[in-house]
Amino acid sequence: MTQDAAAPDELLQRLRHFHSDYFPLHQQRFQDLVTKGQHPKTLFIGCSDSRLVPYLLTGAGPGELFIVRNVGAFVPPYDQSHGLHGTMAAIEFAVLSLKVERIIVCGHSHCGAIRVAYEGAPDEAIALKAWLKLAEEALLPVQPSPEALARTEQRSVVLQLERLMAYPMVRRSIEAGALTLHGWHYVIEEGEIYIFDVERGSFVPASESTHSGTGPYQPYVEHDGQVFSVPEDEL
Ligand SMILES: [Zn+2]
């Protein structure tokens with residue numbers, strides 16, 4: 001798209017539209033969120049993918065979702081090495097300061113992170129290569145067919161939920177009944193969220209599910225001793 005020097009660029013036009021059209025209709029809500037502060041009940045950990053739009057899926061508005069997004073919707077291991085852990089900092093802030101009541105981990109169909117975890121990232125992408133290791137345990141020992149990729153996306157969501165359970169403040173809040181975990185797999189082309197059901201050990205479409213989350217989280221121990229909540233043949 002060519003830009004006329006005299007005309008504002010498209011993004012600038014959108015900013016002006018927000019200020020002139022949207023903001024006046026919702027000004028009181030924004031004012032309240034400033035005066036009373038934010039009190040979101042939900043931490044949403046989602047993939048950075050542009051097709052995943054948390055506000056659309058949940059019908060949430062300003063003040064309702066505390067969001068951290070990264071490549072793949074991964075939860076890094078709980079780590080006391082004092083590194084620059086952005087996702088870990090967001091989890092700590094949400095649970096300890098905001099006292100959120102639920103944490104959603106939301107993966108999605110056609111996730112580039114999961115595909116690249118199989119195919120390998122460019123050599124220059126040193127941080128991405130290291131980051132994608134957070135999906136390694138979810139990968140299947142097969143060629144990454146569309147079906148295998150979808151299963152891996154779901155297995156990755158469960159893996160991240162398990163990592164969350166290793167965060168002391170998360171485990172403590174769950175055991176106190178103050179926090180629930182929700183594992184979601186958004187299938188873009190169906191407009192459907194598949195919800196991880198810990199009792200069934202599988203993902204259930206939201207249109208058929210009786211709840212939006214896993215409830216109190218009980219890790220499932222497989223026969224080979226590996227801790228993984230979903231048996232491979234059920235995903
Ligand atoms: Zn993704």
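A short reminder: the numbers here are calculations on the coordinates, not readings from a lab. For clarity, every value in this text was computed on a predicted model and none was experimentally measured. Because the Cβ atoms are built from the backbone with ideal geometry, glycine has one as well, and the counts that use them run over all protein chains shown.
Details
- In the stretch 33-53, the residues that are among the aromatic types (F, W, Y) form Cβ pairs under 7 Å with partners that are within 16 Å of the ligand (Cβ to nearest atom), at six or more places apart or across chains, as follows: F44/P54; F44/I67; F44/I104; F44/C106.
- K129 meets the conditions (1) in contact with a strand residue (DSSP E or B) (Cβ under 8 Å, 6 or more places away or on another chain); (2) without any contact (Cβ under 8 Å) to a residue 40 or more places away in the chain; (3) assigned to a helix (DSSP H, G or I) in every case but one. The failed one is (1).
- Here is the figure for the stretch 132-161: residues that are charged (D, E, K, R) and surrounded by 18 or more Cβ atoms within 10 Å (Cβ to Cβ) total 3.
- Contact annotation: residue pairs with Cβ atoms under 7 Å, 6 or more positions apart or on different chains, pairing a residue in the stretch 132-153 that is at negative phi with a partner that is part of a loop (DSSP other than H, G, I, E, B) and aromatic (F, W, Y), are L134/F74; A135/F74.
- Restricting attention to the stretch 115-126 and to residues that are surrounded by 16 or more Cβ atoms within 10 Å (Cβ to Cβ) and free of Cβ contacts under 8 Å to residues at least 24 places away in the same chain, the residue that is farthest from the ligand (Cβ to nearest atom) turns out to be A121.
- With respect to the conditions (1) on the phi > 0 side of the Ramachandran plot; (2) within 12 Å of the ligand (Cβ to nearest atom), V157 lacks only one, and its number is (1).
- In the set G63, G112, G72, only one residue is of a type outside the set (V, I, T), in contact with a Leu (Cβ under 8 Å, 6 or more places away or on another chain) and within 14 Å of the ligand (Cβ to nearest atom); that residue is G72.
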